[in-house]
Every structure is written in C-alpha cells, then in structure tokens.
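The values are calculated or read from the model by the stated rules, or taken from the named source; none is laboratory data. Because the structure is a prediction, the values reported are computed rather than measured. Cβ coordinates were reconstructed from backbone atoms using ideal geometry, including for glycine residues, and neighbour counts include every protein chain displayed. Remember, those area values only see protein heavy atoms, side chains included, never the ligands or the DNA or RNA. Shrake-Rupley method; radii C 1.70, N 1.55, O 1.52, S 1.80 Å.
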Amino acid sequence: MIEPHAPAPPGSPPSWGGPRGHGGPEAPARLPVRPAVGRFLVLAGVFVCAACGLVYELELVALASYLMGDSVTQASVVLSVMVFAMGLGSLAAKRLRGLAAAGFGALEAVLALVGGSSAMVLYAVFAWTGGWGGLWGDGPRVLLVAFSLAIGVLIGAEVPLLMELIQRVRRQDPGGAVADLFAADYVGALVGGLAFPFVLLPFLGQLTGALLTGTVNAVVGAALVLGLFRRDLTRRSRRLLLTANAVVLALLATATVLADDFERAARQAVYGQDVRVAVRTDVQEVVLTGDTDGLPLDLYLDGRLRVRDGDERRYHEALVLPAMNGPHARVLVLGGGDGLAAREILRHPGVRRLDVVELDPQFARLARQDPGLSALNEHAYGDARVHVVTGDAFHRLRATPSATYDVVISDLPDPSATASTKLYSQEFYGLLRRVLAPDGRLAVHAGPPVARPRAFWTVDATLRAAGLPAVAYRVGTRHPGSAAGPERTTADLRAPGDWGFLLAARTPPVLRLGPASPRPYTLTPDSLARDARDAARTRLPGLPPSTLVHPRY
C-alpha cells in the first residue's frame, strides 16, 4: 500500500523524482487519453483481473474437491494458502513500484498462464500418476498447494502495482485511492464468483473455463499496459511484453483447442480404454465402462468406482438382505439411483411399495434407460411397485409421516464426502427413527471400516445417540484394480478394499438372513457371522456422535 507523502510547499512544482515517465514511483504517466478516462480504464482492469483471480481460486477448490473429496478441507487449504501468499506477493511487489507498468504487464502474463493451465496440469497429474496418494504419494497434493501459493503471490502482487498506476494517472489522497481500488476489486470478485458456478462450470467445464479465464486475463492485462501506459515503457519493454503475451495466448489457445482430446485421453487413463458413457449431470460425473464385447460393466461416480459387475452383488446383498429379515411390505431406499438395491429388495416376496429417493434425476434416468445398467438392475424401475422421487433425502424425511416404512436402506456415499455428512448426522437418524415402524430396520452403508475406522464407528455412535442401536459387519471386495499392468487405472487405485455396514433398529437387532429370503448369490449365515466378527475387530470405542453443527467425519 502506498504511504502518504509530505505536501509540497505552496506554489512549488510537483516533484516526480526523476525524468518524466521513468523517474520513480511517483512519476506521472504519459497517457493517450484524459486522466479521468485513464483512471476509469485502470479500475476496469482491476475489475476484470479480480474476477479472473477468484475464478482461479474457485477452480482449484472445485477440482481438488472432485478429485480428493472432503470439500471443506480442500477449500480451507486452497483459500488459506492463497490468502497467505497474497500477503507475500504484496510485500514483494513493493520493490517493483518504480516499474509499475512493465511489472504489472509481466505479472498478468505469468498469472494468465499459471492460473489458466492449473486445472489441466492438476488433472493430468491425477490421471497419469495413479491419483492423489497413488504412485506419487503426496506429490499431487503438494502440486495443489504449489499452484495455490503461486497464484496467490501473483494476485497479491497486483495490489501495490495497481495502486501505483492509479496514483500516476491522477494523484489523489491514499485513502480515496485505496477505496476506489478495493471497490473495483470486490465487485470484480463478486462477478467472478457468480460466473464460475453458473456460467463457466456448467457451459464450459473446468478445463476450458480456466483456459478461457486465463485468456481474458492476458488480453486485459496486455491491453491496459500496452494501450494506456505504452509511453512509460521503453521500446525493449514493449517488445518483451508483446512477445510474452503472444506466447501465453498461443499456449492457452492451443490448450483450448486440444482440451476435448486431452479430456478423452485423461478419462481413458482414469477409467480404462472402454469408456461407454461419460456425462456430467447437475450433481456429479457419471461414467460407465464395459458391457460391450463381453466386458463387465463398471459404474464410476465423480471418479470413484461405485459398481463393479461381478463384485456389486456382494455389496448389495450385504446391504439389503439382513434388513429384510422381518416385515418388509413398505421399503425406502435413500440414494441407490443405480437401481441395484431396488433389484435385491424386489426379489423378496411381500414387498408392496418401494420408494427410492435419489438426488440426481439424470442418474436415475440413466439407470432406467441405459441397456447395460438397466439389465444389471433387472429393469427394477419398470416395476409398478417402485416409485422414484428426486430430491434431498433430509427434506423428504421431514415431510414423511411417522412409522411409514418397515425397512429403510441408506445407500449413500461415504460419510467422509462433505456433501453426505448431514445424511450421517444424529438429526438425520432421528428423522429415520421417526419414519420407521416400531419393528422396522435400518441398513446403513457407512464406508470401509478397515481404511477409515474412525468414520465408520462414528456412524455407529451417531445411530446409538439417535436411539438406534446397531450391529456392524463388513464385506471384503476383490482386490481393487485386480487388472494387471497397464490395465490398472487411476480409478482402480481409488476403489475401496472393503465395505462396511450397520444394521440398526429401535431395539438391538439380530444379524441374520430371513428364512423367506431369496437365495443369495454370495452371502451365507456363516459368512455373515464372520463379517460381523471382522468388523468388530476394527472397533474404536468412546467416539462422540456427529451432529449438524458439529460434524465428526
């Protein structure tokens, strides 16, 4: 920030500290327009650069949340590192105030390249190195922090340079200059913050959106310096800035043209060569692979293996069958938009009504219409007893009368996913207890107890706090990424090694298969008892429950 200077004696000419245009931080700019117009153009540049800067921040947060999960942690890391780095950049740029125009032009070229390419570089590392925590260990996480630090330093360095340019256009008191600068900056940040989720992300995607933002950043930065302050630059400086911006724009344009090809190649690195369906819904990315030429069907949601043909029956039978031991005329499934839990429920005689509450209507439509997925769920959505409701499970339960259901199946993402945390809270389980019949049962998918025992047993503690004592059991998967060599994909490396479940009721439930249960493909009474013993070995006692205002996952 610029410090105030002692006023000159009355009648004395201004002291600019050197030759016109090159003498120091206070030298007046030689503008091709009137000072009022020049000041407006500088503030317009501040507005655009602030919008671009916030898009870079939000793009890093969104990409990190998508690739690593736990959006609260990723947002906290990215934003805190960026704010810290902005302070460092502001301090470092104080030494460049004497070359404010040239410094700002070079700064925007570098920022446009780093910020615009950050999403593509991070996604490339994720796709081709085995994921976050894969072959590189914590390397990609370090790269995320490095991008946050670099972009933060560059954004922070803009402030003193822009402050200097505003003062050189038309001298004013420092307080007024700061107010003008930050007003334009904050309004630009508002526009960038709204443009990212409502325009860039849905219409352009993360990669092209970031590249386009970098292009706008480079064009505006170059136009401001080379158009408005060109007389303050030496001929060599003008040539260097023109060349640098031309190179940056060429790189960004090339990356934009190749973005679709890059995304297809990266998707194949993540999911393998046989990607059949890849769609970004309003809620998540849905990818289907296989189900052609004898290949098994795999379903990925937001880059995580959700269904593996040949393994999924182990999961869905373990989730559904123990809860169906008892009255089961009225059943509710939370999540389960793939229709596979519904398939297992409909195999039981006596089911009169099955309600499925799915947040993503496009995913439910895909499960109904896709030939491979609908064949796998045995066309469950075509059964007249099945009623699909799209919307938030929490709000749906609040509007559901008491004692409506005999069985509730909670087939939701792991509690470690921030978007699902409220659906593993004591308040949510209190709602579930209310909608359960007095002798009703609740089955909860609670994440892998071996890999994340604290989260798993926190779900158990939360159920008990809501008045639903539970019994735990786990089912092992086939080894994730069982394919050998080059067929081992990034998504395989992220697949869980086991699934953990909790069977809960108003009174302590008994874990067993019902006598009228259809013959399971994978479960037996002996294997179920063994699954319970395996889960019990991972128990962490004394964990507090998770609530809406104090999430513990």
Residue by residue through the stretch 250-264, which ³J(HN,Hα) values in whole Hz follow from phi under the Karplus form 6.51 cos²θ - 1.76 cosθ + 1.60 (θ = phi - 60°), with glycine and proline marked x? 5, 5, 5, 5, 4, 5, 5, 4, 8, 4, 5, 5, 4, 5, 5
Per residue accessible area in Å² of the stretch 406-472, where ligands, DNA and RNA are left out and the probe is 1.4 Å: 27
Any idea what the relative contact order of the chain is, in percent, if you count C-alpha pairs under 8 Å spaced at least 6 apart? 14
Enumerate the amide H contacts of V356 below 5 Å, restricted to partners 5 or more residues apart or on another chain; note that Pro and chain-start residues carry no placed amide H. V333, H387, V388, V389
What does the extension gain come out to for H550 and L190, with contour length at 0.36 nm per residue minus their alpha carbon separation? 126.7 nm
Bin all alpha-carbon pair distances of the stretch 370-476 at 10 Å intervals from 0 and give each bin's fraction as a whole percent. 13, 40, 33, 14, 0
Of D355, D302, D282, which has the most accessible area and how do the rest follow, probe 1.4 Å? D282, D302, D355
A278 versus T522: modelled label distance in nm, points set 7 Å from Cα along the beta carbon direction: 2.7
Translational diffusion coefficient, Stokes-Einstein: compute it for the stretch 176-314 using the Kirkwood radius over C-alpha pairs as Rh, at 4 °C and 1.567 mPa s, and state it as an integer in µm² s⁻¹. 69
Compactness of the stretch 143-183 - radius of gyration and Dmax, Cα, Å: 13.5, 42
Of every hundred units of 1.4 Å-probe accessible area on the chain, the number belonging to carbon and sulfur atoms, as a percent, is 61
Residue-normalised accessible area of the stretch 491-553, expressed per residue, 1.4 Å probe, Å²: 57
Rounded to whole Hz, the Karplus (6.51, -1.76, 1.60) HN-Hα couplings of the stretch 357-369, x for glycine and proline: 9, 10, 5, 9, x, 5, 5, 4, 5, 5, 5, 7, 9
Looking at the chain, what % of its DSSP beta bridges pair antiparallel, to the nearest 5? 55
Based on the alpha-carbon set only, what is the convex hull volume of the stretch 143-246 divided per residue, in Å³? 129
FRET efficiency for A146 and T243 from the Cβ-Cβ distance with R0 = 30 Å, rounded to 0.05, comes out at 0.70
Label V199 and V178 with points 7 Å out from Cα along Cα→Cβ: what is the distance between them in nm? 3.1
Average the reciprocal distances over every distinct pair of alpha-carbons in the stretch 255-334, invert the result, and give the Kirkwood radius in Å. 15.0
Determine the shape class of the stretch 287-372: with a ≥ b ≥ c the square roots of the Cα gyration tensor eigenvalues, call it rounded for a/c under 1.5, and otherwise prolate if a/b is greater than b/c, oblate otherwise. prolate
Between L88 and R171, how high is the FRET efficiency from 1/(1 + (r/R0)^6) when r is the Cβ-Cβ distance and R₀ = 41 Å? Nearest 0.05. 0.90
Under 20 Å from the 7 Å Cα→Cβ point of A384, by amide nitrogen: which residues of the stretch 349-366? 349-356
Sort the stretch 313-421 into rounded, prolate or oblate with this rule: let a ≥ b ≥ c be the square roots of the eigenvalues of the Cα gyration tensor; rounded if a/c is under 1.5, and if a/c is not under 1.5, prolate when a/b is larger than b/c, oblate otherwise. rounded
To the nearest 10 degrees, how steep is helix 100-128 against the longest Cα principal axis of the chain, on a 0 to 90 scale? 20
If you average over every viewing direction, what projected area does the convex hull of the Cα atoms of the chain give, in nm²? 29.6
Explain nothing, just compute: Karplus ³J(HN,Hα) = 6.51 cos²θ - 1.76 cosθ + 1.60, θ = phi - 60°, for every residue of the stretch 390-399 in order, whole Hz, x for Gly and Pro. 9, x, 7, 5, 4, 5, 5, 5, 5, 9
Could you report the stretch 46-202's accessible area per residue, 1.4 Å probe, as an integer in Å²? 38
For the full complex of protein chains and a 1.4 angstrom probe, list M86, M68 by accessible area with the highest value first. M86, M68
